[in-house]
Amino acid sequence: MQNTSRLPFFYRLFIGVLRVINPDAADLVHYRKQCEIYEKKIIPEMTKEAREMILRLGEAKREAESAFYELNERYTKVQDDLFSIQGKYKALKERQHVDPLTQLLDRNGIKNAFHREAGNIHRTATRMKGQPDISILLIDVDKFKEVNDVNGHDIGDKALTIVASIMKSSFREGDIPGRIGGDEFLEVLPNASIAQAQSVAEKFRAAVQNHPFLQTLGAGVTVSIGVAKADLDRYGPSEAAMLDAQKRADVAMYKAKRIGRNKVCVAE
């Protein structure tokens, strides 16, 4: 039975009389009255509150999204700053291993660069299930002792700096040249197959052979080049991988000298 205490007096009186005469009819009339009240007053009020709640939730969502985007922008900036600092640190560290004559990386610098690039390539290949390609060129200036003996060490040094300059301009962006001692150079070629490395080596060999100044020195300055691909599948991005590749490139380079110099040979 519904409570009628909050309804108007005459309505309550009417319901009371009707309930004496016909209780079922009284209940039916009262039920319809309650439905009318819900339809005209309570439901609209509830709908208004729900709309207001939805609006408040929407505003809260927009504020949360704005805060998220702001935090994401800050995070991205911090990450960019961190990468920049890391890059400057690496560059500063590598400058500590620069050959003073040619301004190329020295033996330790080129070794560090190989390990860094090999590590990046190996991780990417493992994640993407691809082939980790990193090759090296071992370059030796042909008959350099004769160049020094005939022209003097100053001219010999100039010849080496020219060879270094051709290395910087002939190789691909991202390739890393270094001087590992005397008239011997080494180039690290990240993401280069053996065929790509051979093509790059031929381009460099021809550039040295055709350089105007170098061709005025005796019979002309040329280079012999050995090409090898590091076996990251077997050794991983380790020192052993570089030593193995360098050893095989050295064998190929001496083969180039044996068959007449001014050649490019690929390691077996």
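The values are calculated or read from the model by the stated rules, or taken from the named source; none is laboratory data. None of the values given here were measured: they were computed from a predicted structure. Note that each Cβ is placed from the backbone with ideal geometry, even for glycine, and that neighbours are counted across all protein chains shown.
Brief remarks follow.
- Reported count of residues in segment 214-235, each being assigned to a loop (DSSP other than H, G, I, E, B) and more than 22 Å from I134 (Cα to Cα), is 6.
Let's see how each residue does on (1) without any contact (Cβ under 8 Å) to a residue 24 or more places away in the chain; (2) in the same structural domain as Q215 (by TED's automatic domain parsing); (3) surrounded by 17 or more Cβ atoms within 10 Å (Cβ to Cβ):
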residue	(1), (2), (3)
E73	yes, no, no
F83	yes, no, no
N108	yes, yes, no
R116	no, yes, no
T124	yes, yes, no
L138	no, yes, yes
V150	no, yes, no
D157	no, yes, no
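A quick yes/no check of all residues on (1) surrounded by fewer than 20 Cβ atoms within 10 Å (Cβ to Cβ); (2) without any contact (Cβ under 8 Å) to a residue 12 or more places away in the chain; (3) outside any helix (DSSP H, G or I):
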position	(1), (2), (3)
V163	no, no, no
M167	no, no, no
G174	yes, no, yes
L189	no, no, yes
Q196	yes, no, no
A201	no, no, no
F204	no, no, no
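- Qualifying residue in segment 216-232 (condition: in the same structural domain as N148 (by TED's automatic domain parsing), in contact with a Pro (Cβ under 9 Å, 6 or more places away or on another chain) and crowded, with 17+ Cβ neighbours inside 10 Å): yes
- Annotation: Q209 fulfils all but one of (1) free of Cβ contacts under 8 Å to residues at least 60 places away in the same chain; (2) over 24 Å from V147 (Cα atoms); the unmet one is (2).
- Of all residues making up segment 236-245, the number that are touching a Gly at 6+ places or on another chain (Cβ under 9 Å) and either outside the structural domain of F114 (by TED's automatic domain parsing) or part of a helix (DSSP H, G or I) (or both): 0
- Just one of the numbered conditions (1) of a type outside the set (S, T, Y); (2) touching a Leu at 6+ places or on another chain (Cβ under 6 Å); (3) closer than 23 Å to V208 by Cβ is not true of P132: (3).
- Every pair of residues 6+ apart whose Cβ atoms lie under 6 Å, when the first sits in segment 231-248 and is under 17 Å from A267 (Cα atoms) while the second is part of a helix (DSSP H, G or I) and among the aromatic types (F, W, Y): A241/Y235; M242/F114
- Residue check, T102 of a type outside the set (F, W, Y), in a loop (DSSP other than H, G, I, E, B) and modelled with pLDDT of 85 or more: yes
- Restricting segment 114-153 to residues that are hydrophobic (A, V, I, L, M, F, W, C) and not in a helix (DSSP H, G or I), the residue that is farthest from S238 (Cα to Cα) is V141.
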